[in-house]
Every structure is written in C-alpha cells, then in structure tokens.
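Structure, as structure tokens:
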Amino acid sequence: MKQICLHPLPLRIWHWLNALIVIVLIATGLYMRLRGVASLNPHDPVLLWHKLAGIAMMVATAFWLIYTISSEDLRRRLKIKKSDLKGAYPQARYYLFSMFKGEENPFQASAAEKYNPLQKMAYGAVMFVFIPVLTFTGLPFMDIPLLRDYFLSAKLVGPLGALHVLFAYLFVLYLIFHLYMATLGETFFSHTQAMIVGYEEQGRGVKEEEAGPA
C-alpha cells in the first residue's frame, strides 16, 4: 500500500480548531433553545460563549477562504468540473446501495483529486452557503448597536432568528452525516487518522468518503 497526502498541516489545524468551535456553538445553542433565549439573562455566560464562538467561526472561515484562494492546488481540488456532474449519480448510488453490497467505490482519492463529486458539493454548500447564512442571521444578536437598531427598525430580528435556528439544525444534520462517513475508510479510524497525520494509506478498496472540511 502507498501513502498519499490528503491534508496539509494548515488545514489539519483549521479542521480541529473548527471542530472545537462547532462543539461550543452546538452546546451553547442547544442550551439557549432549551432554556428559551428570551428568558435568559443578557449577561448569561452561555450567551457570551455562543457569541465568542460565532466570532471565532467567522475568523476560522476567513482563514479557510484565504487559504483556499491562495492555494492553487486546493482550489483545483474543490472546483466542480463536468466530470463531477457526471460522477455524482454513481457516487450517490454507491453510498445508497453499492457500498452495502461490497462493491468498490467509483472514486479513489489521489494527490491530484482529493474529493469525490458529492464531497465537493457538500463542502461547497457548507462553506459558501450554510456558514455565511448562519453568520449573517447571527449579526442581529451580536450587540452591535448600529446593526441591531437597523434590524429592529426593519422588523427583521424574528425572521432572521428563525432562519438562524433552521440552518443550525441543518448544519447539525450535515455534521451527523459527516461523522458517519468518516468511519467508512479502510479501517474505522482511517480518515480520522489521516486528518491528524495528513496521510492515508491507499490500498484495495480505500473509500474516500470523508476527508475534508467539518
């Protein structure tokens, strides 16, 4: 078996820091939903932690975006090509049916092609749709006077808050799927180990389901 480099060090650091940020956001967000945001003290430390984690997420996403733009190799790996559109159906069929029959993954990771078509679409949706929407809809609650006054006067706080919660739930569903797919490597921890050391062994039937952003 040979080893291929899947995750450069900057992305591995970003991934695990981002995972910690997401855990804090989910934990504090769930606490606020169960307690009821309106009933919480404005100075409740959970609210502060949620806001700080949100700011950290924005910083982490900005780093990822800058790194993606500056890295020609990473941009090439994330770009959706015509072959990806054609390969989306076979990849979906593999996930839904063929995988459970022991058939080989139609996609094999390589140094030149890191993500399969569905990975590219999923990661693109998370990084360019989900996180921007969560960021924008969270702005009315960040205690920025000018923005808060604008959203209040435009009566947008309620709708934006509902949209924020909706996308948060969708993000949690994606995360559950992400964690499941991360177990489908050559061994149970192959993809997780690769996200720690950067390399993964490329052997018979290696599945590249989950080796990207969290």
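The values are calculated or read from the model by the stated rules, or taken from the named source; none is laboratory data. No experiment lies behind these values; they were computed from the predicted model shown. Counting neighbours? That spans all protein chains shown, and the Cβs are built from the backbone with ideal geometry, glycine included.
A Cβ distance below 9 Å, combined with a sequence gap of six or more or placement on separate chains, defines the contacts here; from the stretch 88-113, residues that are over 24 Å from Ile4 (Cβ atoms) reach residues that are charged (D, E, K, R) in the pairs Phe97/Glu103.
Give the residues of the stretch 68-79 that are surrounded by 15 or more Cβ atoms within 10 Å (Cβ to Cβ) and assigned to a helix (DSSP H, G or I), sorted by residue number.
Thr68, Leu74, Arg77, Leu78 - these are the residues of the stretch 68-79 that are surrounded by 15 or more Cβ atoms within 10 Å (Cβ to Cβ) and assigned to a helix (DSSP H, G or I).
Picking from residues in the stretch 82-120 that are surrounded by 12 or more Cβ atoms within 10 Å (Cβ to Cβ) and of a type in the set (Lys, Arg), the one that is farthest from Leu184 (Cα to Cα) is Lys120. Checking each residue in the stretch 21-67 for being assigned to a helix (DSSP H, G or I) and of a type in the set (Gly, Ala, Ser) picks out Ala27, Gly29, Ala38, Ser39, Ala53, Gly54, Ala56, Ala60, Ala62. Among the residues of the stretch 192-208, those that are modelled with pLDDT of 80 or more and farther than 16 Å from Tyr180 by Cα comprise Ile196, Val197, Gly198, Tyr199.
The set of residues in the stretch 42-66 being crowded, with 16+ Cβ neighbours inside 10 Å and without any contact (Cβ under 8 Å) to a residue 12 or more places away in the chain consists of Asp44 alone.
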